[in-house]
Amino acid sequence: MAQVVLRLAVQEDWFHDVPIMFFYPIKRRIASNLDATRHIMDQRSVSSHNERDKVMSTIRRRASRPSKRQCAMLIAYLLKKKNEEGGRDVTRAQLSPSTLQRLLGRRSVSPQLLTEIGEWLLRAGWVLFFAGTTYAIVRLDVVQGWNRVSSKRIRDDIHKVGIGEFDFEALEGLLLATESDSAEQE
């Protein structure tokens, strides 16, 4: 049985002869796109490489948005560029909602999307999270250097919570913003 091979008509180094069996689900689309490309190039009498490149870029252009993995790559790339510009090692940064939307190619950022992108960034040593009105990203090695807080300090109170005897009223004030906190936010 002969192996069918497509010759991709693109002038980029990473394209080469690709066995159709690797593209089985999309082989018809690839073949029809190549046929359309050849047809347009024949009708326009495209002879020079520049003209052919223009035709190919027009055909390849379509609406798209990056995958979750690609979104993580874009965020890591932005941080790399910031490192190169600033001269200092960036260990933490804020990302405004509009910046994140632009990077992700989406109008809204769901918690599920943020979690999946965060998993990819975690592999690269970054922790991404929503921080109230903005997004934040912190290098993992910096977080691992922070002081740890153990629940041993309140072990007896946790036991009381478990048996329904803990007085939560005494803690209500801990969740209210203090005057110094509200002044910092302004």
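The values are calculated or read from the model by the stated rules, or taken from the named source; none is laboratory data. Predicted model, so just to flag it, every value in this text is computed and none were measured. Cβ coordinates were reconstructed from backbone atoms using ideal geometry, including for glycine residues, and neighbour counts include every protein chain displayed.
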Among the residues of the range 92-103, count how many are surrounded by 14 or more Cβ atoms within 10 Å (Cβ to Cβ) and part of a helix (DSSP H, G or I).
-> 4
Mind checking which residues of the range 127-178 are outside any strand (DSSP E or B) and among the polar types (S, T, N, Q)?
-> Thr133, Gln144, Asn147, Ser150, Ser151, Thr178
Could we say that Leu34 is modelled with pLDDT of 75 or more and aliphatic (A, V, I, L, M) here?
-> no
If we scan the range 116-139, do we find a residue that is hydroxyl-bearing (Ser, Thr, Tyr) and surrounded by 14 or more Cβ atoms within 10 Å (Cβ to Cβ)?
-> yes
Given the conditions (1) surrounded by 14 or more Cβ atoms within 10 Å (Cβ to Cβ); (2) under 12 Å from the mean Cα position of the chain (by Cα); (3) under 22 Å from Arg139 (Cβ atoms); (4) not hydroxyl-bearing (Ser, Thr, Tyr), and given that Arg106 satisfies all but one, which numbered condition is not satisfied?
-> (3)
Of the listed residues (Ser48, Ser96, Ser64), the one being polar (S, T, N, Q), at pLDDT below 70 and either outside the structural domain of Ala136 (by TED's automatic domain parsing) or under 29 Å from the mean Cα position of the chain (by Cα) (or both) is Ser48
